[in-house]
Protein chains: 2
Amino acid sequence: MSADHLSATFAALADPTRRAILARLTLGEASVNELAEPFDMSLPAVSKHLKVLERARLISRGREAQWRPCKLKAAPLKEAAGWLDEYRRFWEQRLDRLGDYLHELQAKEKKKARRK
Amino acid sequence: MSADHLSATFAALADPTRRAILARLTLGEASVNELAEPFDMSLPAVSKHLKVLERARLISRGREAQWRPCKLKAAPLKEAAGWLDEYRRFWEQRLDRLGDYLHELQAKEKKKARRK
């Protein structure tokens, strides 16, 4: 997957409505009407979001003219997760340091409690 | 972290230059000049990218007036990875199905080979 695909994936995910649509599609295929239902949004507004998701290859749409069900495509999410995974050691280091700090605080509290 | 923070994170990551800046910062703190070096970009253009990364809390900047080193902050990346992780079973299912298909193809090839 090229850098541009990765940019398209992240850009598509940078919207709470689009993320909610993807979450809904984890339950199974859905039509535009079904996807629009939980949002206080016009069909054209939902269609616009679907186009962004489709261009980023995060969803595919059925060929039937009347009912074009949307389906989740997880491959770009895997690529995005793979990119983020390169940074795992940085947030884990941070948590390690936080763990050390909390441990230190607890030790101090225990020392205080013993003095009382 | 609120939905808006998650949107800010994904929006900040939706640019190859900003991702390259984050990758550079995994090697350690760096000044704007150092970050600008590998890109064919003006300092104001790099500063603009740094502002996006700073607003998304993906970097922090030192307080020194002259040399304000940028530092990677991994916490938003962890949140983004956590969000993506909810979709892991979807891309793993896909790989399982691909695995089944390849296995089936291999079995057919073997069968053909035996007939020759």
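The values are calculated or read from the model by the stated rules, or taken from the named source; none is laboratory data. Owing to the predicted nature of the structure, the values given are computational and were not obtained by experimental measurement. FYI the Cβ positions are ideal-geometry reconstructions off the backbone, even for glycines, and counts take in every protein chain you see. Areas reflect the complete protein model, heavy atoms only, side chains present, ligands, DNA and RNA absent. Shrake-Rupley method; radii C 1.70, N 1.55, O 1.52, S 1.80 Å.
Just flag the GluC sites (Glu not before Pro) in the range B:13-106 sitting in loop per DSSP whose Cβ has no more than 13 other Cβ atoms within 10 Å.
Numbers: sites: B:E29, B:E34, B:E54, B:E64, B:E79, B:E86, B:E92, B:E104; in loops: B:E29, B:E64, B:E86.
Within the range B:13-106, the qualifying GluC sites (Glu not before Pro) (loop, at most 13 other Cβ atoms within 10 Å) are B:E64, B:E86.
For the range A:53-116, report the % of Cα-Cα distances exceeding 15 Å.
Values: 1453 of 2016 pairs.
When every Cα pair of the range A:53-116 is considered, 72 percent fall beyond 15 Å.
Which value does Rg/Rh take for the range B:15-57 over its C-alpha atoms, Rh per Kirkwood?
0.91
Give me the lysines in straight-line cross-link reach of A:K71: C-alpha distance below 23 Å, same-chain residues under 8 apart excluded.
A:K48, A:K51
Over the range B:1-110, with the other protein chains present, what is the accessible area per residue in square angstrom, probe 1.4 angstrom?
Heavy-atom SASA per residue in the range B:1-110 reads 61 Å².
Could you state how much accessible area is buried at the B-A interface, both sides summed, with a 1.4 Å probe, in Å² to the nearest 100?
Working: alone 8890 and 8890 Å², together 15090 Å².
Result for this pair: about 2700 Å² buried.
Rule-of-thumb check for the protein assembly as shown: C-alpha Rg over 2.2 N^0.38 Å?
1.32
For chain B, set up a GNM with springs between Cα atoms under 10 Å and report which of B:L77, B:L102, B:L25 has the largest fluctuation.
Highest fluctuation among the options: B:L102.
Please go through the range B:42-93 and write out the chymotrypsin sites (Phe, Trp or Tyr not before Pro) that DSSP classes as loop and that have at most 16 other C-beta atoms within 10 Å.
Taking the range B:42-93 and a limit of 16 other Cβ atoms within 10 Å, the loop chymotrypsin sites (Phe, Trp or Tyr not before Pro) found are B:W67.
Work out which helices of chain B, taken as complete DSSP H runs, extend at least 30 Å along their axis over the Cα atoms and score a mean Kyte-Doolittle of 0.5 or more, then list them. Before the final figure, lay out each step's value.
Details: long enough: B:88-115 (41 Å, -1.83).
Membrane-span-like by this rule: not one helix.
Looking at chain B as a GNM with Cα springs under 10 Å, which of B:D15, B:D85, B:D100 has the largest mean-square fluctuation?
In the Gaussian network model the winner is B:D100.
Ignoring ligands, DNA and RNA, please state the percent of accessible area on the range A:24-105 from carbon and sulfur, probe 1.4 Å.
50
Report the residue, chosen from A:R55, A:R88, A:R68, that carries the largest GNM mean-square fluctuation when chain A is represented by alpha-carbon nodes joined by springs under 10 Å.
Of A:R55, A:R88, A:R68, the most mobile in the Gaussian network model is A:R88.
Name the nearest-to-axis residue of chain A, judged by Cβ distance to the rotation axis taking chain A onto chain B, and quote that distance in whole Å.
Minimum Cβ distance to the axis, with residue: A:F10, 2.
Under the rule of at least 5 residues apart or a separate chain, name every residue whose amide H is placed under 5 Å from the amide H of A:I59.
A:E54, A:K73
Would you mind working out the magnitude of the charge dipole of chain B relative to its Cα centre, with +1 at each Lys and Arg C-beta and -1 at each Asp and Glu C-beta, to the nearest 20 Debye?
Values: 24 positive and 16 negative charges, 162 e Å.
So the dipole magnitude of chain B works out to roughly 780 debye.
Given an 8 Å cut-off on Cα distances and at least 6 residues of separation, report the relative contact order of the range B:1-115 as a percent.
The normalised contact order for the range B:1-115 reaches 26 percent.
Projected onto the charge dipole of the range A:37-116 (+1 at Lys/Arg Cβ, -1 at Asp/Glu Cβ, origin at the Cα centre), which of A:P76, A:A45, A:A107 gives the Cα projection farthest towards the positive end?
Projecting each Cα onto the dipole axis, the largest value belongs to A:A107.
From the alpha carbon gyration tensor of chain A, can you work out the equivalent ellipsoid semi-axes (sqrt of 5 times each eigenvalue) and give them in Å, largest to smallest? Present the calculation step by step, with values, prior to reporting the outcome.
Numbers: eigenvalues 395, 70, 23 Å².
That gives 44, 19, 11 Å for the three semi-axes.
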